[in-house]
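Structure first, then comments.
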């Protein structure tokens, strides 16, 4: 299934690129092929020694999709469903995302096909360091900058920094982002993606003539993105009525006590029981009668099957690729406002850029400075997209894609053809 994700991603691209007439504007450049073909796809066998002395072989990947606007940038995920097709799609979305946010990076993504949660701490360290060692010459602060993604956090990023430093003989903190603050990480990076989702929801509700203090919200996915978005929304008066993770979902029409739920959900895993809510089916969450739906889990959550039943007035795509092309059409026909993933969840890569800048200067910003700069980027990006959408009478998704494609195509053309 995951292999099809890249083909779905390209369908979005070709549909939204068509009105731009790129082949006529950039004749002889085969520009569509340039923008939909990865610069480089790296696949390799990764062998890790288990604690009992046995060896486990995993498939590992790094896709460097496009660097027309800056060095490759993108996370690394450890998950059983990771494959090359999914990794290509995520790298593809990343270069579009950095273009929408107008930050000087390209797009990349990495992954290892492994049941990461079944590994011991020592096995996780060996796997992460081996992955970094194999890719040592392919990543770097001027070349390709990895970051956290699914099942990776500050701990793994610190291991990657240490491995690259030992292998390359150079202490360059900017080789990775999402590091612990004690190793040169940026304040606010951990919450950045969820905070970016929060900022775009606030702006989108203004377009709808609504405010957060009278909104009901359902959040699918209670990991880093969903949990932080829920906490921020709750703090300003929004009513979070439902949340889910990969195993279960909870609902309370009067609003969930989010702080209590967060305290009982280490690592983004909801507790087996929760006294202040009723357990519901995970899929039911997507079709609840709420004002705002935040899909913040994995790809393809909203499909042609469930899109006709969605009741939310606003969807904020905290995850990458949570909506299939067919579902996109259905939601558009139903006039449901959707903040697309390449805009909505760009907060993480934006603060990764801030971290990289701070590392290059070895001068670090306060949390307030980081959050204010992030807000400025996200609000500007949202309004740039929203204004084009209103002017051309198109969806936010089409507007975001047009802006991103225009920016990258121009950069590619100006670089020349060789």
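A few points about this structure:
- Computed from the Cα positions only, the extents of the range 154-226 along the three principal axes stand at 55, 20, 16 Å, in decreasing order.
- Packing-based ranking, highest mean first, of 66-78, 148-160 given that Cβ atoms within 10 Å are counted: 66-78, 148-160
- Note: relative contact order over the chain, using C-alpha pairs below 8 Å and six or more positions apart, is 16 percent.
- Protection-proxy order for peptides 351-358, 403-410, 239-246, 373-380, each taking the mean of Cβ atoms within 10 Å per residue, highest first: 351-358, 239-246, 403-410, 373-380
- For the peptides 47-56, 327-336, 219-228, 86-95, the ranking by packing is 86-95, 219-228, 327-336, 47-56, with the highest mean count of neighbouring Cβ atoms within 10 Å listed first.
- In terms of surrounding Cβ atoms within a 10 Å radius of their Cβ, 212, 343 rank from fewest to most as 212, 343.
- Three principal axis extents describe the C-alpha atoms of the chain; from largest down they are 58, 55, 43 Å.
- Ratio Rg/Rh [Cα only; Rh per Kirkwood] for the range 358-406: 1.20
- DSSP-defined beta bridges in the chain - what % are antiparallel, rounded to 5: 50 percent
- Taking all pairs of distinct alpha-carbon atoms in the range 192-344, Kirkwood radius in angstrom: 14.9 Å
- The Cα atoms of the range 235-306 define a convex hull whose projected area, averaged across directions, is 5.2 nm².
- The range 74-144 - Debye-derived log10 I(q)/I(0), Cα point model, q = 0.17, 0.18 Å⁻¹: -0.72, -0.79
- Cα centroid of the range 258-305 to Cα centroid of the range 109-178, whole Å: 30 Å
- Evaluated over the range 1-123, the Cα radius of gyration and Dmax, each in Å: 17.1, 61
- Our helix-only sum for the chain, with -39,500 (n - 2.57) per DSSP H run of n ≥ 4 divided by its residues, gives a mean residue ellipticity at 222 nm of -13500 deg cm²/dmol.
FYI, it's all coordinate maths here, none of it is from the lab. Small disclaimer: the values here were computed from a predicted structure and weren't measured. Cβ sites come from the backbone with ideal geometry, for glycine too, and all protein chains shown count toward neighbours.
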